[in-house]
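First the structure, in the form of structure tokens, and then the observations on it.
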Amino acid sequence: MGVIDDKYEKMFGKSIAWYERGKTAFAGGVTHQSRFTAPFPTYYEWADGPYKYDVDGNQIVDYVMGNGSLLLGHNPKPVVDALRDHIGKGTHLGGATTWEVLYAEQVKKLMPKMERIRFTAAGTESTLLAMRIARGYTGKSKIIKFYEHFHGWQDYAAIDSGQSVGGIPKAVKDTMIVLPADVKAVERTLEKNKDVAAVIVECNGAHFGTFPLQNPKFLHDLQDVCRKHKVLFIMDEVITGFRLSKGGAQERWNLDPDITTVAKIMAGGQPGAAVGGKAEIMQVMAFKGDKEWDTQKRVAQGGTYNANPTTAVAGIAQLKAIETTDAVAQADKAAKRLKDGLNEAFIKNEVVGHAHGIASLVQINLGYDCNCDRELCNMPYEKIYSSMPSEKTRALRRSVLVNGADGMDWNGMCFVVSAAHNNEAVDRTIAGFSQALKDLRADRVV
Ligand SMILES: Cc1ncc(COP(=O)(O)O)c(C=O)c1O
Ligand SMILES: [Zn+2]
């Protein structure tokens, strides 16, 4: 057994028993594909600020942050206060609510390009609905997506997104056109294929920016090509919304999407998401009182939990805090401190690799360095794949965990930073990361 595995078993011993129970409850042992960490997942009981606490009582500096939802950190006071105020007023009111209107107004205030919106319960539903709206509005059937870009687990989005496609019908696969993240390839396709309704893009690059796009040029060029060919431009801002700026990637880089999908941060850790876009396009969802339109052409949507009261009050509080405080800038500042410290740790330990990333997303690559400005990485796709295969990625996450921090992983690691990551938490992470590199060396991973 290596140094890391030995530490892992000692540190997370009580999680083993929970995993044994989890295996009898869940197919595959866990209830989200990303919650598994080899050799067993770690189980948590509570969280506050930048920290989460596991069943063994370990305090872990958390950079999973609700899979990117918790820009204000765990237990954000405005959200928790709003939820506390709400308890006792009903969990579902069986009709339209004042909160859903206030919530929509708050979303639109930060993202004014979403002229009309619809709520859903998750980012996956939002991208599904966005694609349906695009097909309904244009009368065309195909959607272009990019290799590895992740838009949730719905059938259309799952194609070439790094997930297994078991159970997805061929007819669905045939409606998706998957291209490399290359605007020229999009243009060539649109010149030949006149049946394309929309292009959808993960704004910061595949897998929360693990495979960075050369922005803002990439998104501007993509938007131009979409306009030229009258194809809808869908910005998937599930990760970037309310993070890359208060108004997301579209505000930061001055873009004008036809449709936007948002989730995660907008609901403060509650299950909530939205899709929105130009009023004329979104109008395809409205009843007209014309039977043919209402039953055959209108784009329909259901969803028991769309803007359910607890999500709505949490979301309103979270977005208000983002609007009226410097939380986004604070998270960026903490991320910069972390990124600089991690890069110093690579140098100090003479390990090849680097940390890069935009705003409050810090990406780690082991085994490759480049001349990037540590913000917008220009590493070629093949280098990212070849330097961070899944075994190495898992070893990296394990080594970081046994040294007191956790983050998301996919061909590398991503530290999702929040406004709650104070200097103490960040500096502890950097010291832990330095030890993680030593442990990886001891285990001959680097
Ligand atoms: C860019 C992007 N789109 C969509 C989704 C799906 O969101 P959800 O997990 O809320 O269904 C994700 C989830 O990580 C995502 O990163
Ligand atoms: Zn780089």
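Every number in this text was worked out from the coordinates using simple rules, so none of it is lab data. Only a predicted model underlies this, so the values are computations on that prediction, with no experimental measurement involved. Don't worry about glycine lacking a Cβ; one is built from the backbone with ideal geometry, like all the others, and counts go over all protein chains shown.
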Highest average packing first - 253-263, 111-121, Cβ atoms within 10 Å = 253-263, 111-121
query = Taking one equal scatterer on every alpha-carbon of segment 1-65, how large is log10 of I(q)/I(0) by Debye at q = 0.13, 0.14, 0.17 1/Å?
reply = -0.37, -0.43, -0.63
query = Using r as the Cβ-Cβ distance of ASP195 and LYS109, and R0 as 41 Å, what FRET efficiency do you calculate, to the nearest 0.05?
reply = 0.65
Ratio Rg/Rh, restricted to segment 77-324 and using Cα atoms, in which Rh is the Kirkwood radius = 0.97
remark   = Quick note on TRP18, TRP46, TRP293, ordering by fewest other C-beta atoms within 10 Å, gives TRP46, TRP293, TRP18
Using a Förster distance of 25 Å, the FRET efficiency for LYS217-TYR381 (Cβ separation, nearest 0.05) = 0.90
query = Could you give the angle, 0 to 90 degrees to the nearest 10, between helix 423-442's Cα long axis and the longest principal axis of the Cα atoms of the chain?
reply = 70
ask   = How much length, in nm to one decimal, is gained on full extension between ASP373 and TRP153, taken as 0.36 nm per residue of separation minus their Cα-Cα distance?
value = 75.9 nm
note = The exposure ranking of THR324, THR311, THR240, fewest beta-carbon neighbours within 10 Å first, is THR324, THR311, THR240
ask   = Between LYS77 and GLU45, what is the spin-label point distance in nm, taking each point 7 Å from the Cα along the Cα→C-beta axis?
value = 2.6
task = Note down the nm distance, to one decimal, between modelled labels 7 Å out along Cα→Cβ at ARG441 and at ARG35.
result = 3.7
remark   = Of 52-59, 226-233, ordering from highest average Cβ density within 10 Å down gives 226-233, 52-59
key: Sequence ranges 157-164, 376-383, ranked by mean other-Cβ count within 10 angstrom, highest first   = 157-164, 376-383
Helix axis angle, 13-25 relative to the chain longest principal axis, alpha carbon, degrees = 30
message = With the cut-off at 27 Å, tell me which of the pairs LYS23/LYS89; LYS264/LYS348; LYS339/LYS383; LYS140/LYS383; LYS173/LYS291; LYS89/LYS113 have Cα atoms farther apart than that.
response = LYS23/LYS89; LYS264/LYS348; LYS140/LYS383; LYS173/LYS291; LYS89/LYS113
Segment PHE287-VAL178, extension gain: residue separation times 0.36 nm, minus the distance between their alpha carbons = 35.9 nm
inquiry  = Cut-off 20 Å, label point 7 angstrom out along Cα-to-Cβ of ALA431: give me the residues of segment 329-369 whose amide nitrogen falls inside.
reply    = 334-350
query = Stretched out fully, how many nm does the piece from SER141 to THR325 gain, at 0.36 nm a residue minus the Cα gap?
reply = 62.0 nm
ask   = In degrees, nearest 10, range 0 to 90: what is the angle between the Cα axis of helix 77-86 and the longest Cα principal axis of the chain?
value = 60
inquiry  = As I understand it, the dipole of the chain uses +1 on the Cβ of Lys and Arg and -1 on the Cβ of Asp and Glu, about the Cα centre. Which of MET111, TYR385, PHE36 lies farthest toward its positive end?
reply    = MET111
inquiry  = Suppose we take every Cα in the chain and form the convex hull; what volume per residue is that in Å³?
reply    = 148
